[in-house]
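Derivation of every value follows stated rules applied to the coordinates shown; laboratory data play no part. Here the structure is a predicted model, which means the values were calculated and not measured. Positions of Cβ are backbone-derived with ideal geometry, glycine not excepted, and every protein chain shown enters the neighbour counts.
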């Protein structure tokens, strides 16, 4: 049994030994094969590297050859450019040399001409000095004597010629102006209404007056407080009077009172509710009025807020004229005048419609309405030509375009139409006195009469002091002085009268 164990153990040891030898053999075989594969791969890599190196050398030689060819081409091109530059430089040197010779020649000629001019000037001065010594007169004295003699000899002819030319020019210009203005006015004939500061509201009966007044005057007090107007209840049958300087307030009060009377419910709560409702309606009406005015005058492209300001002019009165109607009239007249003389009619219509836009808020902002209008139009981004026309439609600053002059003329035409402009008597008298005082300041004037509502000034001069030619000069000087120092609508005719009387006594 022990022998069996020994044999088994010996078999195991022998088997283990033989197995280890077999594994070692297999491992050596694999290692050898791996070494052989590595050597083959190294040899393949070396062969591939040699091929790549050969290809790289060939490519590098090819690139080097191409670079050399390109370099030779550029060098040849540079050589050609260099030759051209050398040629041009030679040509430029020749031109500079020729120019220098020409400059020297011109300088010599200029010096010669300057010297010749100096010699001529000296000769002329010498001749003038000799003439002055011979005549015992200076140049200015001789010129003055010559002019005086010529003026004395042809004075009558000058006066006749000047009168003839002036008469002909006045006749032609008057006919053209009449035709243009008459055509423009006829193409737009609008009614002229003078607004007052009071509005009459008819009542169905005198009993309604008591209901309007209310108990202890609470209704009328509430109405006046809500509308900002004065309500005058007097003995006039069938009506009451709404008084106030603000047209919009009067209009709101009138419509509110008419609705309250028609409804019959008159108490403070109802009054406030009705007035607020009508204020909203009036704001909408203002927008519609602005749009309607722009549509009727053919003006497009105005911002919505600017149209609202335009509609507010319906409730503004200036010198008895409704400003919105006046603005529309100026727009029509300016457009018609522009078409007649070939100016831009669209600009004239737009500027004419907006020329008094500043009056919409001139009671809220300090300043002249022309300057306020200028700022409004700048704010809304209107063109500079429109802004300039609105700013200068009263002549300050001076209009710089023909369209500005047309709008200024249309404004004067509209304000000067009969019934369109209601002037204060004191202002009118003061203007007439200023006109006469301006004329009296001229030498030779004996009497002055401002007639035809200031449209003509008649002047009687001293015939001993003023002759016919001086009379013509005086009339022009007076007209210029009136234009500069006096503001007036339309034009003023200056009539100078010279009467020479001869007297003798028989003994």
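Working note: Debye formula, equal point scatterers on the alpha-carbon atoms of the range 235-374, no solvent; log10 I(q)/I(0) at q = 0.09, 0.16, 0.18, 0.19 Å⁻¹ is -0.36, -0.88, -1.02, -1.09. Spin-label pair residue 163-residue 398: with each label point 7 Å from Cα along the Cα-Cβ axis, the two points sit 3.3 nm from one another.
For residue 68 and residue 37, FRET efficiency with R0 = 41 Å and r from the beta-carbon atoms, rounded to 0.05?
Computed FRET efficiency for residue 37 and residue 68: 0.35.
Put simply, the range 425-497 fits an ellipsoid with semi-axes of 22, 12, 10 Å; these come from the alpha carbon gyration tensor as the roots of five times its eigenvalues, largest first.
Compared with the direct C-alpha span, the chain from residue 75 to residue 341 gains 88.4 nm at full extension, assuming 0.36 nm per residue. With neighbour counts taken as other beta-carbon atoms within 10 Å, the residues 25, 315 rank, fewest first, as 25, 315.
Ordering of 378-384, 14-20 by packing is 378-384, 14-20, highest average first (other Cβ atoms within 10 Å, averaged per residue). The order of the peptides 80-91, 326-337 by mean Cβ neighbours within 10 Å, most packed first, is 326-337, 80-91. One decimal place: the segment residue 458-residue 58 gains 132.4 nm when fully extended, by the rule 0.36 nm per residue minus the C-alpha distance. Model label points for residue 495 and residue 87, set 7 angstrom from Cα along the Cα-to-Cβ axis, are 9.0 nm apart. Seen from all directions on average, the range 313-416 presents a Cα convex hull projection of 6.0 nm². For the pair residue 110 and residue 479, the difference between a 0.36 nm per residue extended length and the Cα-Cα distance amounts to 127.6 nm. For the range 231-295, the alpha-carbon coordinates run over 44, 25, 18 Å along the three principal axes, in decreasing order. Remark: 97, 403, 224 ranked as 97, 224, 403, counting other beta-carbon atoms within 10 Å and listing the fewest first.
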